[in-house]
Every structure is written in C-alpha cells, then in structure tokens.
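Data block below; observations after.
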Amino acid sequence: MKKIIFKILILIMISIIISCSNENSGTKKENIQLSENERLEINENSGTKKENIQLSENEKLEIFDIRYLTSENGEYLNILLKENSKSVFVDYIFYENQSINTFIFDTEINEGYIGDYGTNYIAGNLSDAGFSGKIKGREVNFVNAKSPLSGAKVVRYTYTNISTTNASEEDITTFEYSSSIFLFNNDSKSAIIDKINLDINSEITDAKLDINKLSDIKNILSNNMLPFYNDWRPGEGEYGYNYYSISEYGIDYLSEKIASINKYFYEYTGGAHGLHGKIYKVYSLSNGERLKIEDILIDVNNLDLINKVKEKLLSIADEESYFNLDGLSLQENNFYITSKGLTFTWGIYEIAPYATGDSEVLFSIDEIMPYLKDEYKSIFE
C-alpha cells in the first residue's frame, strides 16, 4: 500500500511538471525576479486577508484549509480544501489487520458535495459538522475531533523551471521545487498553539509566521529554494541534473491532550531513485512541548517491548529484509499516535534497505498501555 501511495504522489508531481513544461516549452525561463503584472489575490472571505503577491511565471502559491475528521472505528480523513478553487484532496486513512493504509482522492467540491467516481470512489457531503457519504462503496460518517485545535492552513510554494530549449531534447532538464508551511488555526491567540506552530516550521524558519502575511511566507519559502536552484543552474546557459523536491503535511491525530502530525518529503537529484520518507511530530496541548518517545515510555530499553516490536516487524517481512534486528533500539525513535494506538516508524535505510521501504508497527492502545508512563496513559481518551 505504501508503494501505491508513493506512486500516486510521484504521478501527481510528474503531471505538474509536464503541465509547466508544456506551457513554457518555447520560452526561456531563467529570470526569477518578480513580475509586476502577475499577482496572487486571496479572497477576503477565505480566512486570509486580501493581499496582492507578486509572482513570476515560474512561481505558484497555493493556500489550503486542512480539516481533520474522525470516525467511531478510528479511521480518519485529512481534507485539503484549496482556497479560491473547487479542488479538494482527501486522504482516507483506514486499518486492515493491524496495518495502516491510505487512499488519496484528488477531486472537486461543489456546494459542499465531494464526488470522485473512480475505482475507489468517494461521494458525500462536507459540512461544518463533518463528512457523511460513501467511500469505496461503504457508508461512512466522520465528525470533527474533540480538540482545542479546529484545523490548520498550509501554504505551498512551487517553483518550476526547464533548461533552455536550444539544447537537444535529451539534454533538457527540469527543476521542480515545492515546499510548504503548516499552521494550526489560532483564532484564540493561544501562546501554546503559537509555540507548536513555531516548532513545526523550525526547519524552514525561526520566525513566527502569520497566515495573513503571505508575502512574508512566500519570501521565506522562495529564499529557501535559491541554494538548490543555484546548484541546478550554476551559471548563464549552465544546467545540472533533473531536480525534484516536494514536501507535504498531514494530521494523524487531534485530541483534547495531544496533536500528532506528519511531514512527507521526496527529493530526486539524479540516479536510480529519489529519497522519500515521513517525519512525525507529537505535541502536548498542555504546554506545547514536542514529545519524544523517551517522554512517554517508562523505559525505552525494556526488552519485553523491544522483542514485541521485533515480532511485529518479522510479521511484515523476513529477517533478511532488515539490517540487524538484534541491535534494534527504541531510543530517539520516530513515532506517531492515532486513536488506534502508537506506531513506531523507521525511514528507508534506518533498519532496512530502500527496496523494503519505510517500516511501521502499530501497537494498539491495550498493547502499549503497560509501557506508558502514568501521566500519558490518558492520551488516547
């Protein structure tokens, strides 16, 4: 299933690149200075203040509202509503045999109705209360999570360029950079939510971000892009390898006590394949601190827990598929939380080769409960 999701993401990215290439195949696109006659206008009623933002023909800035909805059986939706557009992306996360799976729908919303009649279709109504309808032919009902967090906004900046067309076709290379910032809604001006938002975006900037100051956000994201662009185009008429980079955010869990989010990344700089993975972050809503696995487990070196982790890994793939499970450690381990329990995760090359992909094992609430510190036994309530 992870491979299916990865292929879908790659296909989406390739379609964007092809579209940009077709539109500009006869144009020399080397100047990244802002064009005075190209602007982005944000609707006054969309949740962000109206602002004119100058963009070059190579640039695109998109704003999404993220809604996290959950069902009684622990399944959940990430619904990304693109501002000033009918476009909507729906991530449907469900469970089969203790395994977490995802379907991604790229469709449209019309007056609250979401419809995609592909092989695994989604059809139903989105309201302030939630989503009800059908997914994969099954009746579903998703509601807002009981959490002080009402959702989030994502601002995605994309810069695309192709080498000049006087090169032979096989020598043409593409530069595609897409980066995002993620901000939980904070209408209450909570210092705790501000603290969480600051940490989420700390790899991009140490500045406090304001969703109503999109020009500042755009400048931060474009400035972060420049070193990669300069490597791709070191001088006049010089171009390097094909370069693709993308990052996206999602919400795994919102409750009254914690927030668990993820950041997907993919980067290709040449060679047989690119690098991809997910970074997970879990936050306490009582103080805004990011929780480490050492914070919530009684003992990360507990042999009984480590052996159970190994057993679960071996139920997914044989021992030869991993590097060295005998030396497996849970110290500083990446993890995330959902209403189903706690999931330990390892990226490619951490405990297994690229072909094996990311590794995940889910511990249900009952399974992980004996290993949690007393103050964290209630995080799933």
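Among N302, N333, N287, which is the only one that is farther than 14 Å from S260 by Cα, assigned by TED's automatic domain parsing to the domain that holds Y253 and surrounded by fewer than 19 Cβ atoms within 10 Å (Cβ to Cβ)?
That would be N287, the only listed residue that is farther than 14 Å from S260 by Cα, assigned by TED's automatic domain parsing to the domain that holds Y253 and surrounded by fewer than 19 Cβ atoms within 10 Å (Cβ to Cβ).
For E319, the conditions (1) free of Cβ contacts under 8 Å to residues at least 24 places away in the same chain; (2) over 18 Å from G347 (Cα atoms) all hold with the exception of (2).
Which one is farthest from the chain's Cα centre (by Cα) among residues in region 73-126 that are modelled with pLDDT of 85 or more and acidic (D, E)? Looking at residues that are modelled with pLDDT of 85 or more and acidic (D, E), I get E111.
Quick check on my filter: what residues within region 345-355 are touching a residue at least 40 places away in the same chain (Cβ under 8 Å) and farther than 12 Å from V282 by Cβ? If the condition is that a residue be touching a residue at least 40 places away in the same chain (Cβ under 8 Å) and farther than 12 Å from V282 by Cβ, then G347, I348, Y354 are the ones that fit.
Has region 162-179 got at least one residue that is at pLDDT 95 or above, outside any strand (DSSP E or B) and more than 21 Å from the chain's Cα centre (by Cα)? No, region 162-179 contains no residue that is at pLDDT 95 or above, outside any strand (DSSP E or B) and more than 21 Å from the chain's Cα centre (by Cα). Restricting N101, N110 to residues that are in contact (Cβ under 8 Å) with a residue 24 or more places away in the chain, closer than 17 Å to L80 by Cβ and surrounded by fewer than 20 Cβ atoms within 10 Å (Cβ to Cβ) narrows the list to N110. Applying the criterion of being touching a helix residue (DSSP H, G or I) at 6+ places or on another chain (Cβ under 9 Å) and not hydroxyl-bearing (S, T, Y) to the residues of region 239-256, the residue that is nearest to I200 (Cα to Cα) is E248. For region 336-366, which positions are surrounded by fewer than 16 Cβ atoms within 10 Å (Cβ to Cβ) and either within 14 Å of Y253 (Cβ to Cβ) or modelled with pLDDT of 90 or more (or both)? Across region 336-366, the qualifying residues are S364, D366.
Can you tell which of L221, L198, L209 is assigned to a loop (DSSP other than H, G, I, E, B), in the same structural domain as Q54 (by TED's automatic domain parsing) and buried (at least 16 other Cβ atoms within 10 Å of the Cβ)?
Values: L221 fails: assigned to a loop (DSSP other than H, G, I, E, B); L198 fails: assigned to a loop (DSSP other than H, G, I, E, B).
Unique residue meeting the criteria: L209.
Inspection of region 179-195 finds a residue satisfying the criterion of being small (G, A, S), under 23 Å from L69 (Cβ atoms) and in contact (Cβ under 8 Å) with a residue 60 or more places away in the chain. Filtering I66, I93, I79 for residues that are in a strand (DSSP E or B) and either closer than 21 Å to S364 by Cβ or in the same structural domain as E360 (by TED's automatic domain parsing) (or both) leaves a single hit, I93. Applying the selection to region 256-306, what residues are modelled with pLDDT of 95 or more and at positive phi? G288, the sole residue that qualifies.
Can you tell which of L254, L297, L226 is surrounded by 15 or more Cβ atoms within 10 Å (Cβ to Cβ) and more than 16 Å from the chain's Cα centre (by Cα)? Testing whether each residue is surrounded by 15 or more Cβ atoms within 10 Å (Cβ to Cβ) and more than 16 Å from the chain's Cα centre (by Cα) leaves just L297. For region 236-254, the condition of being in a loop (DSSP other than H, G, I, E, B), of a type outside the set (V, I, T) and closer than 30 Å to N52 by Cα holds for none of the residues. Considering region 257-279, the residues that are hydroxyl-bearing (S, T, Y) and closer than 17 Å to L77 by Cα include one that is surrounded by the fewest Cβ atoms within 10 Å (Cβ to Cβ), namely Y264.
Condition check for L214 on (1) buried (at least 18 other Cβ atoms within 10 Å of the Cβ); (2) over 19 Å from L183 (Cβ atoms): one failure, at (2).
The values are calculated or read from the model by the stated rules, or taken from the named source; none is laboratory data. Nothing here was measured: the structure is a model prediction, and the numbers come from that model. When we count neighbours, we look across all protein chains shown, and the Cβ atoms used for this are built from the backbone with ideal geometry, even at glycine.
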